[in-house]
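The values are calculated or read from the model by the stated rules, or taken from the named source; none is laboratory data. In this text the structure is predicted, and so the values were computed from the model without any measurement. Ideal geometry is used to build each Cβ from the backbone, glycine not excepted, and the neighbour counts take in all protein chains shown. For the accessible areas, the whole protein counts, side chains as well, though only heavy atoms, and no ligand, DNA or RNA atoms are used. Shrake-Rupley method; radii C 1.70, N 1.55, O 1.52, S 1.80 Å.
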Amino acid sequence: MGIEIEDKFDVPPEYEIPDLSGLADVVGPKSHQLVALYFDTPDLRLAARGVTLRRRRGGSDPGWHLKLPKAKGVRQEITHPLTRSTKVVPLELAELVRAYTRGAELKVVAELETRRNVTLLKDGETGLVEIADDRVKGTVYGDVPTIIRWREVEAELLDGGTERFLAKVGKRLRKAGATPSESSSKLARLLEPAPLPTADTQQGSAGEIVVGYLSGQVKALLSQDPRVRRAEEDAVHQMRVAARRLRSALKAFKTVVTDTGEVQEELRWLGNVLGEARDLEVIRARFAKTLAGLAPELVTGPIQARLGSDLHKREEEAYGRIKEALSGDRYYLLLDALDRLVAGPSLGKAAAKPAQEQLHTVAASNWGRVTKAYDRAQAIEDLERREIAMHDVRKAAKRARYTAEALEPSLGSDMGKLAKLAENVQEVLGAHQDGVVAQETLAKEAESARQAGEDTFTYGLLIGIERNTAERAHAEFPRVWKETVKAVSKVL
């Protein structure tokens, strides 16, 4: 797996690569003959999302390549060794695009034959940029195959280079007559998938802003799917955040986009599926950091194994349940529902109102939910029940934060300030809650250690540290709340 950063240029047939010797050491050109088969669903679902999946022979990196978009000019590339079959996609790669294919068959949709001349720019033995001068013959398969020919130049950043150096190379290529390509890939030039459907909303309306935000979060959720399946760092967290933001927005903007109760419930289910592994990941890292900060003589018994490998094993089991859920019909039905939601939402009367007027009211209303939850909690005399009710304050603050973040691009910096203030409330309450949960986990692990005849001294020490953390957050909250309420009054 790697991150591919490149600039692509269209060039005329007579184009000549300019002299680049003043930029770095020039090696080459070296010629290659490449033949690539591209796979997609019959209705080009991968191409529509900017995803490419190919089997390529020839060149310095033959094999299977899956490219997933990350940003303009940046793609994540996942490779797999070349297989004998030219018709069957390796299972590992097919699995990574299931969120896009959703059970549809992957078949060869196009073939590219490329005569490539590669020039390397190096600093001694360090590769900086690779320049590929490609003469391409593309064949689109269908009832009647279509053939297209063109020439293009790619400048790809290597491990030793910088984006600033890549920009210098691009400037030199443009000066010689190259023009930035409008196609994100060779396949994008060759295929013309139907554009993803978009909602019919009025410009500047609340509907336009809300549906645009929802669309971005659906895209974010989908982009994390392959990373979660590969158990990449922070992927479960990012996918869970996207699901939570979607659910929060559907609740907050229920007068703008209506009839979303079922989708909200399914997003809650997905968040719960992802939550188990994420919570174990966080608490395992939390304990490891605390243990690393203790003097060696204070760490007794096999506590590091129990709080490390044992929790990691549980985390891996949770990942297994995630992968099972992401391969099931319930998940694919949710993705279908999200696609329909952003393409043709059920819009309420509020959707047609000006964004500035309607959505500012929504932001204020969502902060109002936080203050009401706080007042309800403080009215409870029983301390234990009050602490439970304060969890509702945290959830309301998180929703107010997500709402304000969604509105900041359209309503301005006041929403950014509101989001930060809500986040402050959320974080202090979260620090208290995390300390309480950590104590409960440690108590269970300590009991298991005690039954196994192990020394439990360090468990008691860690419980004390976590209790202190929770109590500090609890003591700090009244000040944070008072300052936050005062600051919010100036924003709203």
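One table, with the values for the structure above:
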| read-out | value |
| --- | --- |
| Anchor residue 168: lysines whose Cα lies under 19 Å away (excluding residues fewer than 8 positions away in-chain) | 8, 72, 122 |
| With DNA, RNA and ligands ignored, accessible area of residue 319 (1.4 Å probe; Å², nearest 10) | 30 |
| √(5λ) per eigenvalue of the Cα gyration tensor, the stretch 235-350, largest first, Å | 40, 16, 8 |
| Square roots of 5 times each gyration tensor eigenvalue, C-alpha, the stretch 360-492, largest first, Å | 36, 15, 12 |
| Spatially proximal aspartates and glutamates relative to residue 417 (Cα-Cα < 14 Å; intrachain offsets below 8 disregarded) | 405, 408, 483 |
| Heavy-atom accessible area order for 9, 457, largest first, 1.4 Å probe | 457, 9 |
| Dimensions in Å of the stretch 202-266 - Rg and Dmax from alpha carbons | 13.2, 40 |
| In Hz, Karplus ³J(HN,Hα) per residue of the stretch 119-126 (6.51, -1.76, 1.60; θ = phi - 60°; x = Gly, Pro) | 10, 9, 9, 10, 10, x, 9, 8 |
| Sorted largest first, extent of the stretch 414-492 alpha carbons per principal axis (Å) | 59, 19, 11 |
| Rounded tilt (10° steps) of 235-252 against the dominant C-alpha axis of the chain | 70 |
| Mean projection area, nm², convex hull over Cα of the stretch 44-187 | 10.0 |
| Inter-label distance for residue 292 and residue 395, nm, one decimal - labels placed 7 Å from Cα along Cα-to-Cβ | 3.4 |
| Whichever aspartates and glutamates have a C-alpha closer than 15 Å to that of residue 323, once near sequence neighbours (fewer than 8 apart) are set aside | 92, 95, 225, 232, 276, 315 |
| Among 402-413, 244-255, the order from most to least packed when residues are scored by Cβ within 10 Å on average | 244-255, 402-413 |
| Cα-based Kirkwood hydrodynamic radius, the stretch 1-107, one decimal, Å | 16.0 |
| Cα-derived Rg to Rh of the chain, Kirkwood definition | 1.03 |
| Ranked by how many other beta carbons lie within 10 Å on average, peptides 129-141, 437-449, 82-94, 325-337 from highest | 129-141, 437-449, 325-337, 82-94 |
| Cα-based Rg / Dmax (Å) for the stretch 388-431 | 10.7, 35 |
| The chain - mean residue ellipticity at 222 nm from DSSP helices (-39,500 (n - 2.57) per run, n ≥ 4, rounded to 500) | -18500 deg cm²/dmol |
| Probe 1.4 Å, accessible area per residue of the stretch 366-469, Å² | 50 |
| Alpha-carbon Rg/Rh ratio, for the stretch 248-302, with Rh computed the Kirkwood way | 1.37 |
| Check: the chain dipole with +1 on Lys, Arg Cβ and -1 on Asp, Glu Cβ, in debye | 880 |
| Semi-axes of the equivalent ellipsoid for the stretch 164-225, Cα gyration tensor, largest first, Å | 34, 16, 15 |
